[in-house]
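First up is the structure itself, then whatever we jot down about it.
The values are calculated or read from the model by the stated rules, or taken from the named source; none is laboratory data. All values reported here derive from a predicted model rather than from experimental measurement. Please note: Cβ atoms are built from the backbone with ideal geometry, for glycine as well, and neighbour counts cover all protein chains shown. Quick note on the areas: whole protein, heavy atoms, side chains included, nothing else; ligands and nucleic acids left out. Shrake-Rupley method; radii C 1.70, N 1.55, O 1.52, S 1.80 Å.
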Amino acid sequence: METRNADEIFKEFKEHSVAEFFKKNRQMLGYSGKVRSLVTVVHEYVTNALDACEEAGTLPSIEVQVSQTGDEKYKVRVRDNGPGIPQAFAGKALATVLSGTKFHRYMQQRGQQGIGAAGCTMFSQTTTGKPVHFKSGTGSGKAYECDISIDTVKNKPVVTNVISADGEFRGSEITAEFADVKYENSDRSVYEYLRRTALSNPHLELKFTDPSGVESMFMRAVDVVPQRPKVAQPHPLGMTINDLLDLAKVSSNNKISAFLVEGFSRFSQNKLNEIKEKATDVDFNKAPRTMTWSDAESIIKAIKSVKWIAPDAGYIIPIGQKQMEVAVKNILNPDFMSVVERKPQVFRGGVPFIVEAAVAFGGLSGKSSEDGQHGILMRFANRVPLLYDAGACAITEAVQNIQWKRYGLDMDTQPISICVNVSSVYIPYSGVGKEAIAQEDEIMFEIRLALMDALRGVQRYVSGKKQASHEMSRYRLIMRYTSQLASDLGDISEKDKKSIEEKLKALVEMHYPKVRDSLSGEDSSADGSSDEERDSESDNGAA
Ligand SMILES: Nc1ncnc2c1ncn2[C@@H]1O[C@H](COP(=O)(O)OP(=O)(O)O)[C@@H](O)[C@H]1O
Ligand SMILES: [Mg+2]
């Protein structure tokens with residue numbers, strides 16, 4: 001057998017750029033499956049547009065168009081009215097993996113790693129050989145257009161065909177073509193992704209044109225831009241050894257002691273003294289960037305052994321109960337809904353999060369197929385709809401453990417939509433695809449409580465509805481006999497049949513006041529919402 005020594009073997013030793021890595025492992029970025037890949041593209045562009053608008057304090061108006069250009073080949077165009085990207089940064093933003101404005105910021109935003117946009121550019125390039133076309137106007141100067149591709153070997157952008165665009169243009173518009181993808185109408189489609197995005201972002205106005213040219217308009221339901229998320233300080237208990245080392249490497253402090261007190265929430269001078277007493281092997285006067293693994297290990301161990309004030313949850317921005325009510329009404333127009341916003345909680349000891357849940361019944365809730373109505377679950381993380389990997393998700397697990405019968409509900413046969421949104425600066429995703437939330441005990445527990453709370457509201461409505469439908473059928477049955485009875489009584493008594501009938505009817509109505517009211521359309525006490533609520537904006541649905 002031929003033998004080779006290390007020198008010979010290591011002639012083949014090469015370094016790869018991070019872009020090269022993701023080109024080979026595109027499933028890690030959500031590019032697996034033709035339908036899902038197309039959803040991923042739309043997701044990356046739309047989340048960037050939303051993040052950018054919120055950061056600029058602009059109410060987002062986004063247009064998405066998907067058109068077919070060939071067999072399993074589609075063009076995607078996403079336009080926003082956000083701040084745009086300065087010309088000098090366009091290449092880096094859209095064609096350098098791991099670059100962006102959101103990296104290393106401990107702040108609640110949809111994007112984080114700086115992979116999304118460049119991933120799309122790479123996917124377009126590797127499936128069609130074409131660059132991405134970008135147009136932008138930042139308001140402060142000239143608008144421009146250009147083509148952007150990525151040199152994956154160097155992980156560097158290639159920007160060509162730069163021209164100036166009409167000066168009025170404000171925002172960003174990305175047009176890119178992709179092959180090996182498929183547009184489909186299903187509950188994991190681009191349309192469904194966008195509908196759910198509209199639901200979790202009531203401040204968004206969204207226009208979608210599908211490949212057959214059908215336009216859907218999701219109207220804005222609230223006129224306020226969500227509060228701009230604050231950059232938060234991490235809580236010591238949320239740190240791993242690795243996290244601590246990463247932060248130490250980029251710290252500008254000159255002592256570990258200052259790095260801890262200034263860089264973390266709830267880290268007082270007293271706490272530092274407690275930690276110093278426990279981590280006696282660490283030199284707290286040396287520079288943070290010289291922190292070793294064993295230093296970090298001792299510090300984390302000490303951190304875990306002392307008492308801490310819970311983290312400040314002020315920098316988590318949920319959808320909010322009021323906004324969610326408006327949003328659900330806007331998109332699902334249900335007969336009844338119950339929305340719950342829970343108080344902030346903490347997982348892994350130091351990471352705060354907030355759970356919100358809405359249960360909607362009737363209207364456009366649930367889904368219908370040939371075999372009737374069904375309930376559906378809509379999962380969200382920081383307002384982003386999660387369409388895939390449902391099985392691995394904490395939300396799915398929590399929903400599965402609900403005893404529906406106790407609430408008089410049946411997900412298999414009733415038009416129910418369950419919406420759950422988990423907000424946090426750090427969402428613990430269970431996979432790189434970021435489509436499922438890890439099954440952390442504290443998160444599952446909160447989701448369960450939120451759901452049970454929301455379901456109690458729906459239960460009251462459903463049992464009221466059952467009672468009402470029972471009364472309605474009795475009412476109808478009796479009413480059916482009134483004219484015959486009036487006619488017979490008229491014959492016997494020789495009195496006016498019409499007035500007998502009217503009196504009989506009034507008598508029945510008196511016994512069934514709720515049915516009378518619901519038929520006259522004035523009130524239904526079975527409906528949990530007030531008149532005022534029902535009247536406002538109920539017809540503001542998606543067309
Ligand atoms: N529509 C847009 N408007 C303004 N800036 C954008 C837009 N899309 C992308 N960017 C910029 O490009 C950067 C990279 O985007 P992306 O690769 O998706 O990473 P991430 O969203 O994780 O930061 C963003 O951080 C942002 O600065
Ligand atoms: Mg992004």
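Is it true that some residue in the range 106-123 is basic (Lys, Arg) and within 13 Å of ligand 2 (Cβ to nearest atom)? Yes. I'm checking my understanding of the structure. Among residues of the range 335-346 that are among the hydrophobic types (A, V, I, L, M, F, W, C) and surrounded by 20 or more Cβ atoms within 10 Å (Cβ to Cβ), which one is farthest from Ser417 (Cα to Cα)? Once the filter is applied, the top-ranked residue is Val340. Contact map, the range 142-161: residues that are more than 15 Å from Ile85 (Cα to Cα) paired with residues that are assigned to a strand (DSSP E or B) and of a type outside the set (A, V, I, L, M), Cβ distance under 7 Å, separation 6+ or inter-chain. Pairs shown: Ile150/Pro157; Val158/Ser149; Val158/Asp151; Thr160/Cys146; Thr160/Asp147; Asn161/Cys146; Asn161/Asp147. A single entry from Thr127, Thr138, Thr96, Thr58 fulfils the requirement of being within 16 Å of ligand 2 (Cβ to nearest atom), at negative phi and in contact (Cβ under 8 Å) with a residue 24 or more places away in the chain: Thr96.
Here Asn48 meets each of (1) within 13 Å of ligand 2 (Cβ to nearest atom); (2) surrounded by 23 or more Cβ atoms within 10 Å (Cβ to Cβ); (3) closer than 21 Å to Thr128 by Cα with one exception, condition (3). How about the range 1-32: which of its residues are open to solvent by 50 Å² or more (accessible area, probe 1.4 Å) and closer than 17 Å to Lys182 by Cα? Those that are open to solvent by 50 Å² or more (accessible area, probe 1.4 Å) and closer than 17 Å to Lys182 by Cα: Arg26, Gln27. Close Cβ contacts (under 7 Å, 6 or more residues apart or on different chains) running from residues in the range 277-291 that are within 15 Å of Asp246 (Cβ to Cβ) to residues that are charged (D, E, K, R) comprise Arg289/Lys249. Taking the criterion of being in a loop (DSSP other than H, G, I, E, B) and at pLDDT 90 or above, the only residue of the range 91-129 that qualifies is Gly129. Note on the range 71-90: among residues that are assigned to a strand (DSSP E or B) and not aromatic (Phe, Trp, Tyr), the one that is farthest from ligand 1 (Cβ to nearest atom) is Lys73. In the condition set (1) within 16 Å of ligand 2 (Cβ to nearest atom); (2) of a type in the set (A, V, I, L, M, F, W, C); (3) farther than 21 Å from His133 by Cβ, Ala6 is compliant with all but (1). Of all residues in the range 40-52, none satisfies being in contact (Cβ under 8 Å) with a residue 40 or more places away in the chain, away from ligand 1 (no atom under 16 Å from the Cβ) and closer than 20 Å to Leu94 by Cβ. The criterion of being more than 23 Å from Glu184 (Cβ to Cβ) and either open to solvent by less than 60 Å² (accessible area, probe 1.4 Å) or not acidic (Asp, Glu) (or both) does not hold for Thr209. A residue that is within 30 Å of Lys230 (Cβ to Cβ) and open to solvent by less than 30 Å² (accessible area, probe 1.4 Å) cannot be found anywhere in the range 66-77.
Conditions (1) assigned to a helix (DSSP H, G or I); (2) open to solvent by 10 Å² or more (accessible area, probe 1.4 Å); (3) at pLDDT below 95, marked per residue:
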site: Ser251; (1), (2), (3): no, yes, yes
site: Ser257; (1), (2), (3): yes, yes, no
site: Leu260; (1), (2), (3): yes, no, no
site: Ser265; (1), (2), (3): no, yes, yes
site: Asn273; (1), (2), (3): yes, yes, no
site: Glu277; (1), (2), (3): yes, yes, no
site: Phe284; (1), (2), (3): no, yes, no
site: Arg289; (1), (2), (3): yes, yes, yes
site: Ala296; (1), (2), (3): yes, no, no
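Looking across the range 347-373, just one residue is open to solvent by 40 Å² or more (accessible area, probe 1.4 Å) and either in contact with a strand residue (DSSP E or B) (Cβ under 7 Å, 6 or more places away or on another chain) or part of a helix (DSSP H, G or I) (or both), and that is Lys367. Pairing residues of the range 215-236 that are of a type in the set (S, T, N, Q) with residues that are open to solvent by 80 Å² or more (accessible area, probe 1.4 Å), at Cβ distances under 8 Å and at least 6 apart in sequence or on separate chains, gives Ser216/Ala543.
Table: residues versus (1) closer than 22 Å to Gly433 by Cβ; (2) more than 16 Å from ligand 2 (Cβ to nearest atom); (3) touching a helix residue (DSSP H, G or I) at 6+ places or on another chain (Cβ under 8 Å).
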position	(1), (2), (3)
Met1	no, yes, no
Glu20	yes, yes, no
Glu44	yes, no, yes
Glu54	no, no, no
Val66	yes, yes, yes
Glu72	yes, yes, yes
Val76	yes, no, yes
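Among the listed residues Leu199, Leu237, Leu247, which satisfies the condition of being open to solvent by less than 30 Å² (accessible area, probe 1.4 Å) and aliphatic (A, V, I, L, M)?
Being open to solvent by less than 30 Å² (accessible area, probe 1.4 Å) and aliphatic (A, V, I, L, M) holds for just one of Leu199, Leu237, Leu247, which is Leu199.
One residue stands out in the range 53-65 among those that are within 19 Å of Phe169 (Cβ to Cβ) and crowded, with 22+ Cβ neighbours inside 10 Å: the one that is farthest from ligand 1 (Cβ to nearest atom), namely Val64.
Entry remark, the range 391-409: residues being at pLDDT below 95, open to solvent by less than 60 Å² (accessible area, probe 1.4 Å) and not in a helix (DSSP H, G or I) number 3 in total. Scanning the range 413-465 for residues that are in a strand (DSSP E or B) and either of a type in the set (A, V, I, L, M) or open to solvent by 10 Å² or more (accessible area, probe 1.4 Å) (or both) yields a total of 6.
Scan the range 163-192 for residues that are among the aliphatic types (A, V, I, L, M), surrounded by 14 or more Cβ atoms within 10 Å (Cβ to Cβ) and more than 19 Å from Gly116 (Cβ to Cβ) and report the count. The qualifying residues number 2.
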